[in-house]
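**Q** Got a structure for you, questions after.
The values are calculated or read from the model by the stated rules, or taken from the named source; none is laboratory data. Just so we're clear, the structure is a prediction, and the values are computed from it rather than from any experiment. Ideal geometry is used to build each Cβ from the backbone, glycine not excepted, and the neighbour counts take in all protein chains shown. To get the accessible areas, we keep the full protein, side chains included, count just its heavy atoms, and leave off ligands, DNA and RNA. Shrake-Rupley method; radii C 1.70, N 1.55, O 1.52, S 1.80 Å.
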Amino acid sequence: MLFVPGDSPRKLGKADGAMADALILDLEDSVAPENKPQARDMVLAFMAERPRGARASQLWVRVNPLDSIYALADLAAVVAAAPDGVMLPKADGPQDVRRLSYYLDALEAQAGVEAGSIGVLPVATETARAPFRLGDYADAGLSRLRGLTWGAEDLSAAVGASTNLDDSGAWALTYRMARSLTLLAAHAAGVQAIETLQVDYADEVGLRASCRRARAEGFSGRIAIHPAQVAPINESFTPSEAELEHARRVVAAFDASPGAGVAGLDGKMLDRPHLLQARAVLAAWAGTR
(Lines give C-alpha, C1' and ligand atoms only; values in the text may rest on other atoms or scores of the structure.)
Protein backbone atom coordinates (compact mmCIF):
# COMPACT_ATOMS: atom_id res chain seq x y z
CA MET A 1 0.00 0.00 0.00
CA LEU A 2 1.80 3.11 -1.28
CA PHE A 3 1.21 6.52 0.25
CA VAL A 4 0.74 9.33 -2.28
CA PRO A 5 0.40 12.96 -1.08
CA GLY A 6 -3.00 14.18 -2.18
CA ASP A 7 -1.78 17.66 -3.08
CA SER A 8 1.14 16.67 -5.33
CA PRO A 9 0.34 16.62 -9.07
CA ARG A 10 3.76 15.16 -9.82
CA LYS A 11 3.44 12.24 -7.41
CA LEU A 12 -0.19 11.58 -8.33
CA GLY A 13 0.85 11.54 -11.96
CA LYS A 14 3.38 8.78 -11.33
CA ALA A 15 1.24 6.70 -8.97
CA ASP A 16 -0.32 4.39 -11.56
CA GLY A 17 3.09 3.12 -12.61
CA ALA A 18 4.19 2.18 -9.12
CA MET A 19 2.71 -1.36 -9.32
CA ALA A 20 1.36 -1.17 -5.78
CA ASP A 21 -1.67 -3.29 -4.92
CA ALA A 22 -3.21 -0.18 -3.37
CA LEU A 23 -2.55 3.54 -3.40
CA ILE A 24 -3.30 5.50 -0.25
CA LEU A 25 -4.19 9.00 -1.40
CA ASP A 26 -3.23 11.06 1.61
CA LEU A 27 -5.20 13.97 3.02
CA GLU A 28 -3.57 13.87 6.46
CA ASP A 29 0.06 14.24 7.49
CA SER A 30 1.62 14.89 4.09
CA VAL A 31 -0.78 17.77 3.36
CA ALA A 32 -0.41 21.14 5.08
CA PRO A 33 -3.61 22.60 6.58
CA GLU A 34 -3.83 25.36 4.01
CA ASN A 35 -3.63 22.81 1.17
CA LYS A 36 -6.30 20.40 2.39
CA PRO A 37 -9.20 21.85 0.33
CA GLN A 38 -7.08 21.65 -2.82
CA ALA A 39 -5.95 18.13 -1.95
CA ARG A 40 -9.57 16.96 -1.59
CA ASP A 41 -10.35 18.26 -5.06
CA MET A 42 -7.26 16.62 -6.54
CA VAL A 43 -7.93 13.27 -4.90
CA LEU A 44 -11.56 13.34 -6.04
CA ALA A 45 -10.49 14.10 -9.62
CA PHE A 46 -7.84 11.36 -9.53
CA MET A 47 -10.37 8.75 -8.44
CA ALA A 48 -13.10 10.00 -10.78
CA GLU A 49 -10.74 9.40 -13.72
CA ARG A 50 -10.24 5.83 -12.50
CA PRO A 51 -13.68 4.36 -11.80
CA ARG A 52 -14.05 1.00 -10.14
CA GLY A 53 -13.36 -1.80 -12.54
CA ALA A 54 -10.78 0.29 -14.42
CA ARG A 55 -8.18 0.83 -11.70
CA ALA A 56 -4.60 -0.40 -11.90
CA SER A 57 -4.52 -0.41 -8.10
CA GLN A 58 -7.08 -0.19 -5.36
CA LEU A 59 -7.60 3.44 -4.36
CA TRP A 60 -7.74 4.22 -0.65
CA VAL A 61 -7.89 7.61 1.03
CA ARG A 62 -6.28 8.46 4.34
CA VAL A 63 -8.59 11.03 5.88
CA ASN A 64 -7.79 13.19 8.87
CA PRO A 65 -8.58 11.92 12.40
CA LEU A 66 -12.27 11.81 13.27
CA ASP A 67 -11.88 14.37 16.05
CA SER A 68 -10.24 16.90 13.70
CA ILE A 69 -12.02 19.74 11.93
CA TYR A 70 -11.15 18.15 8.58
CA ALA A 71 -12.51 14.61 8.71
CA LEU A 72 -16.14 15.14 7.69
CA ALA A 73 -15.12 17.45 4.86
CA ASP A 74 -12.64 14.82 3.67
CA LEU A 75 -15.31 12.12 3.61
CA ALA A 76 -17.96 14.32 2.01
CA ALA A 77 -15.52 15.18 -0.76
CA VAL A 78 -14.26 11.71 -1.71
CA VAL A 79 -17.05 9.18 -1.15
CA ALA A 80 -18.79 10.12 -4.41
CA ALA A 81 -15.80 8.72 -6.33
CA ALA A 82 -16.21 5.33 -4.59
CA PRO A 83 -12.79 4.76 -3.03
CA ASP A 84 -12.02 1.14 -2.30
CA GLY A 85 -11.39 2.09 1.28
CA VAL A 86 -10.63 4.70 3.90
CA MET A 87 -7.56 4.61 6.10
CA LEU A 88 -8.42 5.97 9.53
CA PRO A 89 -5.49 7.46 11.48
CA LYS A 90 -5.29 7.78 15.25
CA ALA A 91 -8.17 5.40 15.89
CA ASP A 92 -8.70 4.78 19.61
CA GLY A 93 -10.44 1.46 18.98
CA PRO A 94 -13.37 -0.28 17.26
CA GLN A 95 -15.79 2.46 18.32
CA ASP A 96 -14.03 4.88 15.96
CA VAL A 97 -14.32 2.45 13.05
CA ARG A 98 -18.00 2.02 13.87
CA ARG A 99 -18.48 5.80 13.92
CA LEU A 100 -16.72 6.11 10.56
CA SER A 101 -18.91 3.31 9.22
CA TYR A 102 -22.04 5.26 10.14
CA TYR A 103 -20.72 8.28 8.25
CA LEU A 104 -19.95 6.09 5.24
CA ASP A 105 -23.44 4.53 5.37
CA ALA A 106 -25.00 7.96 4.98
CA LEU A 107 -22.54 9.27 2.40
CA GLU A 108 -22.75 6.15 0.21
CA ALA A 109 -26.53 6.43 0.17
CA GLN A 110 -26.35 10.12 -0.69
CA ALA A 111 -23.84 9.56 -3.52
CA GLY A 112 -25.42 6.42 -4.95
CA VAL A 113 -22.36 4.32 -4.11
CA GLU A 114 -22.94 0.63 -3.40
CA ALA A 115 -23.79 0.24 0.27
CA GLY A 116 -20.98 -1.14 2.37
CA SER A 117 -18.52 -1.21 -0.52
CA ILE A 118 -15.98 1.17 1.03
CA GLY A 119 -13.67 -0.65 3.44
CA VAL A 120 -11.87 0.71 6.47
CA LEU A 121 -8.27 0.20 7.56
CA PRO A 122 -7.51 1.78 10.94
CA VAL A 123 -4.02 2.69 12.01
CA ALA A 124 -4.69 0.99 15.30
CA THR A 125 -1.83 1.99 17.60
CA GLU A 126 -1.29 5.72 17.20
CA THR A 127 -2.73 6.83 20.53
CA ALA A 128 -1.80 5.77 24.06
CA ARG A 129 -5.29 4.32 24.53
CA ALA A 130 -5.46 2.35 21.29
CA PRO A 131 -3.22 -0.67 22.08
CA PHE A 132 -5.43 -1.61 25.04
CA ARG A 133 -8.39 -2.04 22.67
CA LEU A 134 -6.82 -4.06 19.90
CA GLY A 135 -8.38 -7.32 21.04
CA ASP A 136 -11.84 -5.76 20.87
CA TYR A 137 -11.79 -5.67 17.06
CA ALA A 138 -12.37 -9.43 16.94
CA ASP A 139 -15.87 -9.23 18.41
CA ALA A 140 -16.91 -5.77 17.24
CA GLY A 141 -18.88 -6.94 14.17
CA LEU A 142 -17.29 -4.36 11.85
CA SER A 143 -18.33 -5.40 8.36
CA ARG A 144 -16.19 -2.70 6.73
CA LEU A 145 -12.99 -3.72 8.50
CA ARG A 146 -10.46 -4.93 5.93
CA GLY A 147 -7.30 -5.03 8.01
CA LEU A 148 -5.30 -3.54 10.85
CA THR A 149 -2.03 -1.69 10.64
CA TRP A 150 0.12 0.00 13.22
CA GLY A 151 2.36 3.02 13.50
CA ALA A 152 5.27 3.96 15.73
CA GLU A 153 5.80 7.61 14.91
CA ASP A 154 2.52 9.00 16.22
CA LEU A 155 2.54 6.62 19.17
CA SER A 156 5.96 7.83 20.27
CA ALA A 157 4.71 11.42 20.00
CA ALA A 158 1.59 10.51 22.00
CA VAL A 159 3.65 9.22 24.92
CA GLY A 160 6.27 11.96 24.78
CA ALA A 161 9.11 9.62 23.79
CA SER A 162 12.35 11.05 22.43
CA THR A 163 12.76 7.96 20.21
CA ASN A 164 10.93 4.76 19.31
CA LEU A 165 14.15 2.77 18.85
CA ASP A 166 16.40 0.94 21.28
CA ASP A 167 20.20 1.14 21.41
CA SER A 168 20.54 -1.44 18.63
CA GLY A 169 18.35 0.55 16.25
CA ALA A 170 15.44 -1.88 16.49
CA TRP A 171 11.98 -0.98 17.76
CA ALA A 172 11.93 -0.35 21.49
CA LEU A 173 9.84 -2.65 23.67
CA THR A 174 6.70 -0.49 23.64
CA TYR A 175 6.57 -0.49 19.85
CA ARG A 176 7.42 -4.18 19.49
CA MET A 177 4.51 -4.86 21.82
CA ALA A 178 2.15 -2.67 19.77
CA ARG A 179 3.26 -4.41 16.59
CA SER A 180 2.72 -7.90 18.01
CA LEU A 181 -0.69 -7.02 19.39
CA THR A 182 -1.73 -5.61 16.02
CA LEU A 183 -0.70 -8.85 14.32
CA LEU A 184 -2.67 -10.94 16.80
CA ALA A 185 -5.69 -8.62 16.71
CA ALA A 186 -5.88 -8.74 12.91
CA HIS A 187 -5.84 -12.53 12.83
CA ALA A 188 -8.35 -12.71 15.67
CA ALA A 189 -10.65 -10.44 13.66
CA GLY A 190 -10.07 -12.42 10.45
CA VAL A 191 -8.60 -9.49 8.50
CA GLN A 192 -5.21 -8.66 7.00
CA ALA A 193 -2.29 -7.62 9.19
CA ILE A 194 -0.40 -4.84 7.43
CA GLU A 195 3.16 -4.05 8.51
CA THR A 196 4.05 -0.41 9.11
CA LEU A 197 6.31 1.67 6.89
CA GLN A 198 10.10 1.84 6.84
CA VAL A 199 11.20 5.47 7.09
CA ASP A 200 14.58 4.95 5.37
CA TYR A 201 13.31 4.37 1.85
CA ALA A 202 16.86 4.13 0.45
CA ASP A 203 17.72 1.05 2.55
CA GLU A 204 16.52 -1.69 0.21
CA VAL A 205 18.54 -4.45 1.87
CA GLY A 206 17.08 -3.61 5.27
CA LEU A 207 13.59 -3.33 3.81
CA ARG A 208 13.76 -6.77 2.20
CA ALA A 209 15.03 -8.37 5.40
CA SER A 210 12.34 -6.65 7.45
CA CYS A 211 9.62 -7.71 5.01
CA ARG A 212 10.75 -11.33 5.05
CA ARG A 213 10.59 -11.34 8.84
CA ALA A 214 7.15 -9.72 8.79
CA ARG A 215 5.76 -12.27 6.34
CA ALA A 216 7.25 -15.14 8.34
CA GLU A 217 5.48 -13.80 11.43
CA GLY A 218 2.09 -13.53 9.73
CA PHE A 219 1.83 -10.06 8.18
CA SER A 220 0.35 -10.14 4.68
CA GLY A 221 1.55 -6.82 3.29
CA ARG A 222 3.24 -3.54 4.05
CA ILE A 223 2.89 0.22 3.71
CA ALA A 224 5.34 2.03 1.44
CA ILE A 225 6.23 5.71 1.47
CA HIS A 226 8.25 5.76 -1.78
CA PRO A 227 7.71 4.04 -5.14
CA ALA A 228 11.18 2.48 -4.87
CA GLN A 229 9.90 0.40 -1.94
CA VAL A 230 7.04 -1.22 -3.85
CA ALA A 231 8.98 -3.85 -5.80
CA PRO A 232 11.04 -5.04 -2.81
CA ILE A 233 7.87 -5.31 -0.72
CA ASN A 234 5.97 -7.20 -3.44
CA GLU A 235 8.86 -9.60 -3.98
CA SER A 236 9.47 -10.16 -0.27
CA PHE A 237 5.84 -10.96 0.46
CA THR A 238 5.60 -13.40 -2.47
CA PRO A 239 6.44 -17.00 -1.49
CA SER A 240 9.61 -18.40 -3.05
CA GLU A 241 9.60 -21.39 -5.39
CA ALA A 242 11.11 -23.51 -2.62
CA GLU A 243 8.32 -22.51 -0.22
CA LEU A 244 5.68 -23.22 -2.85
CA GLU A 245 7.09 -26.63 -3.66
CA HIS A 246 7.22 -27.59 0.01
CA ALA A 247 3.66 -26.35 0.56
CA ARG A 248 2.39 -28.37 -2.41
CA ARG A 249 4.08 -31.48 -1.07
CA VAL A 250 2.55 -30.97 2.37
CA VAL A 251 -0.93 -30.63 0.88
CA ALA A 252 -0.34 -33.65 -1.34
CA ALA A 253 0.76 -35.72 1.66
CA PHE A 254 -2.49 -35.01 3.45
CA ASP A 255 -4.52 -35.52 0.28
CA ALA A 256 -2.98 -38.98 -0.01
CA SER A 257 -4.44 -39.90 3.40
CA PRO A 258 -7.98 -38.47 3.46
CA GLY A 259 -9.36 -38.05 6.94
CA ALA A 260 -5.99 -38.59 8.63
CA GLY A 261 -4.92 -36.11 11.30
CA VAL A 262 -1.22 -36.55 10.54
CA ALA A 263 0.93 -37.26 7.50
CA GLY A 264 4.56 -38.16 6.96
CA LEU A 265 6.93 -36.19 4.72
CA ASP A 266 10.71 -36.49 4.44
CA GLY A 267 10.89 -38.48 7.64
CA LYS A 268 8.91 -35.94 9.64
CA MET A 269 5.44 -36.22 11.10
CA LEU A 270 3.15 -33.36 10.14
CA ASP A 271 -0.15 -32.42 11.77
CA ARG A 272 -2.97 -30.04 10.95
CA PRO A 273 -1.13 -26.77 11.74
CA HIS A 274 1.44 -27.71 9.08
CA LEU A 275 -1.38 -28.23 6.58
CA LEU A 276 -2.91 -24.86 7.45
CA GLN A 277 0.47 -23.16 7.03
CA ALA A 278 0.96 -24.82 3.65
CA ARG A 279 -2.46 -23.72 2.45
CA ALA A 280 -1.72 -20.17 3.63
CA VAL A 281 1.47 -20.12 1.56
CA LEU A 282 -0.41 -21.29 -1.54
CA ALA A 283 -3.18 -18.76 -0.93
CA ALA A 284 -0.63 -15.96 -0.59
CA TRP A 285 0.94 -17.00 -3.90
CA ALA A 286 -2.47 -17.21 -5.61
CA GLY A 287 -3.21 -13.67 -4.43
CA THR A 288 -0.24 -12.36 -6.41
CA ARG A 289 -1.30 -13.90 -9.71
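**Q** Students often forget the sequence filter, so: which lysines lie under 30 Å Cα-Cα from LYS14 once same-chain residues fewer than 8 apart are removed?
**A** Partners found: LYS36, LYS90.
**Q** Can you send over the solvent-accessible area of TYR102, 1.4 Å probe, protein chains only, in Å² to the nearest 10?
**A** The value for TYR102 is about 140 Å².
**Q** Go ahead and estimate [θ] at 222 nm for the chain from helices alone: -39,500 (n - 2.57) per DSSP H run with n ≥ 4, summed, over the residue count, rounded to 500.
**A** The helix contribution divided over the chain gives -13000 deg cm²/dmol.
**Q** At 1.4 Å probe size, with no ligands or nucleic acids counted, give the accessible surface of GLU34 in Å², nearest ten.
**A** 130
**Q** Have a look at the DSSP beta bridges in the chain and tell me what percent are antiparallel, nearest 5.
**A** Just about 15 percent of them are antiparallel.
**Q** Moving on to the next point. Explain nothing, just the number: relative contact order of segment 35-158, from Cα pairs under 8 Å at least 6 residues apart, as a whole percent.
**A** Computed over segment 35-158, the figure is 23 percent.
**Q** When the chain is modelled as a GNM with alpha-carbon springs shorter than 10 Å, which of GLY264, GLY17, GLY206 fluctuates the most?
**A** Between GLY264, GLY17, GLY206, it is GLY264 that shows the largest mean-square fluctuation.
**Q** Sticking with this one: Distance between the C-alpha centers of segment 149-198 and segment 1-62? Whole Å please.
**A** Going from one Cα centre to the other spans 25 Å.
**Q** Order ARG212, ARG176, ARG40, most accessible first, counting only protein heavy atoms with a 1.4 angstrom probe.
**A** ARG212, ARG176, ARG40
**Q** When the Karplus curve 6.51 cos²θ - 1.76 cosθ + 1.60 is applied with θ = phi - 60°, which whole-Hz ³J(HN,Hα) does each residue of segment 61-75 get, with x for Gly and Pro?
**A** Per-residue couplings from phi come out as 10, 8, 8, 7, x, 4, 8, 8, 7, 9, 4, 5, 5, 4, 5 Hz.
**Q** Leaving ligands, DNA and RNA out of it, work out the accessible area of LEU197 with a 1.4 Å probe and give it in Å² to the nearest 10.
**A** Accessible area of LEU197: about 40 Å².
**Q** Modelling each spin label as a point 7 Å along the Cα-to-Cβ direction, I'd like the ALA256/THR238 distance in nm, to one decimal.
**A** 3.0
**Q** Would you pull out the residues with amide H under 5 Å of ALA224's amide H, same chain only if 5 or more places away, H placed 1.01 Å from N?
**A** LEU2, PHE3
**Q** If R0 is 41 Å, what FRET efficiency do you get for GLU34 and ARG272 from their C-beta distance, rounded to 0.05?
**A** According to the calculation, E is roughly 0.10.
**Q** So what's segment 97-230 giving for Cα Rg divided by 2.2 N^0.38 Å, two decimals?
**A** With N residues counted in segment 97-230, Rg over 2.2 N^0.38 Å equals 1.15.
**Q** With the contact rule set at Cα under 8 Å and sequence spacing of 6 or more, what percent relative contact order holds for the chain?
**A** RCO, the chain: 13 percent.
**Q** Mind pulling the angle between the C-alpha long axis of helix 94-111 and the longest principal axis of the chain? Nearest 10 degrees, somewhere in 0 to 90.
**A** Approximately 60 degrees, to the nearest 10.
**Q** I would also like to ask the following. How much length is gained if the chain between ALA231 and VAL159 is pulled fully straight, taking 0.36 nm per residue apart and subtracting their Cα-Cα distance, in nm to one decimal?
**A** 22.5 nm
**Q** Taking the Cα centroid of segment 74-102 and of segment 258-289, what is the distance between the two, rounded to the nearest whole Å?
**A** After rounding, the separation between the Cα centres reads 37 Å.
**Q** Related question: Report, ordered by chain and residue number, the aspartates and glutamates lying within cross-link reach of LYS11, taken as a straight Cα distance under 12 Å and ignoring same-chain residues fewer than 8 apart.
**A** Reachable aspartates and glutamates: ASP26.
**Q** A further question on this structure: From the Cα gyration tensor of segment 130-183, with a ≥ b ≥ c the square roots of its eigenvalues, which class applies: rounded if a/c is under 1.5, or else prolate if a/b is larger than b/c, or else oblate?
**A** Here segment 130-183 falls in the prolate category.
**Q** Assign unit charges at the C-beta atoms only (+1 for Lys and Arg, -1 for Asp and Glu), then state the dipole size of the chain relative to its Cα centre in Debye, rounded to the nearest 20.
**A** 560
**Q** With N residues in segment 186-281, what two-decimal value do you get for its Cα radius of gyration over 2.2 N^0.38 Å?
**A** It is 1.32.
**Q** Sorting ILE118, ILE69 by accessible area (1.4 Å probe), largest first, what list results?
**A** ILE69, ILE118
**Q** Kindly sort LEU183, LEU75 by accessible area of their heavy atoms, largest first, with the probe set to 1.4 Å.
**A** Of LEU183, LEU75, the descending order of accessible area is LEU183, LEU75.
**Q** Take every Cα-Cα distance within segment 177-223, group them into 5 Å bins from 0 onward, and report for each bin the whole-number percent of pairs it holds.
**A** 5, 22, 31, 23, 12, 6, 2
**Q** Go ahead and run the numbers for FRET between HIS187 and LYS14, Cβ-Cβ distance against an R0 of 41 Å, rounding to 0.05.
**A** Approximately 0.75, to the nearest 0.05.
**Q** In angstroms, what radius of gyration and Dmax does the chain have, counting Cα atoms only?
**A** 20.1, 66
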